[in-house]
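Asks: I'd like to ask you about the structure that follows.
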Amino acid sequence: MLDVKDADDLATLRALLETAGVFVENFRDETLAKIGLAPDQLRQSHPTLVVASCKGFLKGRYEHRAAMDEVVQMMAGMAYMTGPKGRPLRIVSSANDIMGGLFAAYGVLGALIQRGKTGQGAAVRSGLFENCLLLVAQHMVQFDIEGEESPPMPERVFSWPIYDLFETADGRQIFVGAATDGQWEKLCIGLGLEHLLADDRLKTRPDQIRARDWTLPQIVAVIVARPFDEMVQVMEANDLLFAPVSRPAEMYDDPHVNRPGGLFTSECRDKKAFRAPAVPVEIDGRPIVSESVTVPSVGEHTAEILGALKVQA
């Protein structure tokens, strides 16, 4: 752990940069420039260095603004689309913080591949605001093409015959969807509502969507008469879109989450161990992380790293 406001620590950081291939930072641009660590400054002194900057905004009108996840959710329209009209609501995940790191990592990987060809480093910059724009892009593009704004999700206009929450006989909630003609047919057969398939008023998807006011109550009546486990069997047997409505804490008991490589254990110094989802990627059928990962304490390896630096010097 180094304090860049301290002259000695700043000198140590500069020495570390002599050994580094990638430098990741999320300081304000002005702060970095004052201490000589801005990307353009570093590129001059270290032409092979890849500098990854995690910022609130990319270069432009807002680049010097402060930002946090909820700020950009409000700015980009995500909060507007999530809550009821007039009541913008942030999504429950810090999705832009997560994606900011992911896009920075993608940029670094691309820069490293390019460096292998040219020998030159690069300045990579990711922005929370631009992450959020990407997440709401479907609504932007829809407006640009159709000239009509999408309403917030709680007041959405349905694009499918069934895309709803239902309650089962034992009081549990289940989400059920029928988004294609084939799924509509399977759902009707699976729920014993074959008469809907023979109804001339329901021949096309637009017909089925317009008829939701009288078809949906029939589906509600069938599902509410069956227990949750039976509904799951029906959904799986007919290859239908469905999901239980789960809490995050319930994921620790989910059989798929508990597959080999689905969770890994982190051990914090002076804290209890905790389980977390693994990176959601498999390579050649194997998870990327399958063993325990110890999370170091702040500054835990400072002496070791600086000691190695002195040996190299």
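Asks: Count, please, the residues in the stretch 1-53 that happen to be surrounded by fewer than 16 Cβ atoms within 10 Å (Cβ to Cβ), under 33 Å from the mean Cα position of the chain (by Cα) and without any contact (Cβ under 8 Å) to a residue 12 or more places away in the chain.
Replies: Final tally of qualifying residues: 4.
Asks: Within the stretch 114-167, how many residues are among the β-branched types (Val, Ile, Thr) and in contact with a strand residue (DSSP E or B) (Cβ under 7 Å, 6 or more places away or on another chain)?
Replies: 2
Asks: Quick check on Asp229: is it of a type outside the set (A, V, I, L, M, F, W, C), in the same structural domain as Thr180 (by TED's automatic domain parsing), at pLDDT 90 or above and closer than 15 Å to Ile174 by Cα?
Replies: yes
Asks: Can you pull out every residue in the stretch 54-95 that is outside any helix (DSSP H, G or I), in contact with a helix residue (DSSP H, G or I) (Cβ under 8 Å, 6 or more places away or on another chain) and without any contact (Cβ under 8 Å) to a residue 40 or more places away in the chain?
Replies: Those that are outside any helix (DSSP H, G or I), in contact with a helix residue (DSSP H, G or I) (Cβ under 8 Å, 6 or more places away or on another chain) and without any contact (Cβ under 8 Å) to a residue 40 or more places away in the chain: Glu63, His64, Pro88, Leu89, Arg90, Ile91, Ser94.
Asks: Could you figure out which of (1) buried (at least 16 other Cβ atoms within 10 Å of the Cβ); (2) out of contact with any His (no Cβ under 8 Å at 6 or more places or on another chain) isn't true of Ser150?
Replies: (2)
Asks: Moving to a separate point now. From the list Ala179, Ala249, Ala243, exactly one residue is out of contact with any Gly (no Cβ under 9 Å at 6 or more places or on another chain) and modelled with pLDDT of 95 or more. Which is it?
Replies: Details: Ala179 fails: modelled with pLDDT of 95 or more; Ala243 fails: out of contact with any Gly (no Cβ under 9 Å at 6 or more places or on another chain).
From the options Ala179, Ala249, Ala243, the qualifying one is Ala249.
Asks: Select, from Pro154, Pro206, the only residue that is at pLDDT below 95, more than 30 Å from the chain's Cα centre (by Cα) and over 22 Å from Ala221 (Cα atoms).
Replies: Details: Pro154 fails: more than 30 Å from the chain's Cα centre (by Cα).
Of the residues listed, the single one that is at pLDDT below 95, more than 30 Å from the chain's Cα centre (by Cα) and over 22 Å from Ala221 (Cα atoms) is Pro206.
The values are calculated or read from the model by the stated rules, or taken from the named source; none is laboratory data. Keep in mind it's a predicted model, so treat the numbers as computed, not measured. Methodologically, a virtual Cβ is constructed for each residue, glycine included, from the backbone with ideal geometry; neighbour enumeration extends over all protein chains shown.
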